[in-house]
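Student: This structure is in structure tokens; I'll ask about it shortly.
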Amino acid sequence: MIPSVGKALAEKAAGKMAELVVENCMGRSHMDNVQLLKRNWQELSCKASDVEQEVNREEMSGKKKRKSEVDNWLKDVKKLSPEIDALEIGRAH
């Protein structure tokens, strides 16, 4: 179940990014796009936290071992944090 959750979340994130591009072309302001990105980022961060907690519980119980795909997805989400922060800082200036 966990790998499919990670894959589904990655697909959702990609869909949200595509949505941002389309909406930008349809006249949304930069500020609106940044706010939407921030909201989507918060959703993705919360989902990553939930997945990580679930994976840790499963590992602690000895029922399952963390798959590389899930571990890589969690690392990718964490790597995005500074990029999102940089966008937010850039918006403030």
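The values are calculated or read from the model by the stated rules, or taken from the named source; none is laboratory data. Since we're looking at a predicted model, the values are computed, not measured. Cβ sites come from the backbone with ideal geometry, for glycine too, and all protein chains shown count toward neighbours. The accessibility values were calculated without ligands, DNA or RNA, using every heavy atom of the protein model including side chains. Shrake-Rupley method; radii C 1.70, N 1.55, O 1.52, S 1.80 Å.
Student: Within the range 45-65, track down each residue that is open to solvent by less than 60 Å² (accessible area, probe 1.4 Å) and touching a Lys or Arg at 6+ places or on another chain (Cβ under 8 Å). Steps first, answer last, please.
Tutor: Within the range 45-65, the first condition is being open to solvent by less than 60 Å² (accessible area, probe 1.4 Å), and the residues that meet it are 45, 48-49, 51-52, 54-55, 58.
Across the range 45-65, the qualifying residues are ALA48, VAL55, GLU58.
Student: Hey, does the range 15-37 have a residue that's surrounded by 14 or more Cβ atoms within 10 Å (Cβ to Cβ) and at pLDDT 85 or above?
Tutor: no
Student: Which count do you get for residues in the range 66-88 that are modelled with pLDDT of 85 or more, in a helix (DSSP H, G or I) and open to solvent by 90 Å² or more (accessible area, probe 1.4 Å)?
Tutor: 4
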